[in-house]
1. With no solvent and one point per C-alpha, what does the Debye sum give as log10 I(q)/I(0) for the stretch 18-72 at q = 0.18, 0.19, 0.24 Å⁻¹?
2. Using a Gaussian network model of the chain whose springs link C-alpha atoms within less than 10 Å, name the residue from 90, 29, 51 with the highest mean-square fluctuation.
3. Could you put 98, 46 in order, starting from the residue whose Cβ has the fewest other Cβ atoms within 10 Å?
4. Could you check what % of the DSSP bridge pairs in the chain are antiparallel, to the nearest 5?
5. Please work out the Cα convex hull volume for the chain and give it in Å³ per residue.
């Protein structure tokens, strides 16, 4: 099984995978400012979240880092992963950034 990493550079793009492959979504995050990446939309028919983590890039308190999502493809077809960067206490309409990638999953 293959592993593919996508970043902000692939925002709005499309990637091809096979069932059982892993997609690693790696996005910059500033939790000290309250902005966190969360799932806006994820079709669990074709993909599942294996792990969600945060990797600090600084030793400073509240420093920037990277949000990492490990997703496994489970079924062939086309699906879309949508994440949003927002403050949890603000409304859904105030997301500061969106990340979208389309997945074409083959057998």
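1. Reported log10 I(q)/I(0), two decimals: -0.63, -0.68, -0.92.
2. Its mean-square fluctuation being the largest, the pick is 90.
3. Starting with the residue having the fewest Cβ neighbours, the order is 98, 46.
4. On the way: 33 of 43 bridges.
Taking every DSSP beta bridge with both residues in the chain, the antiparallel ones total about 75 percent.
5. 96
Every number here is computed from the coordinates shown, using simple stated rules; none is lab data. Nothing here was measured: the structure is a model prediction, and the numbers come from that model. No Cβ is skipped: glycine too gets one built from the backbone with ideal geometry, and neighbour counts run over all protein chains shown.
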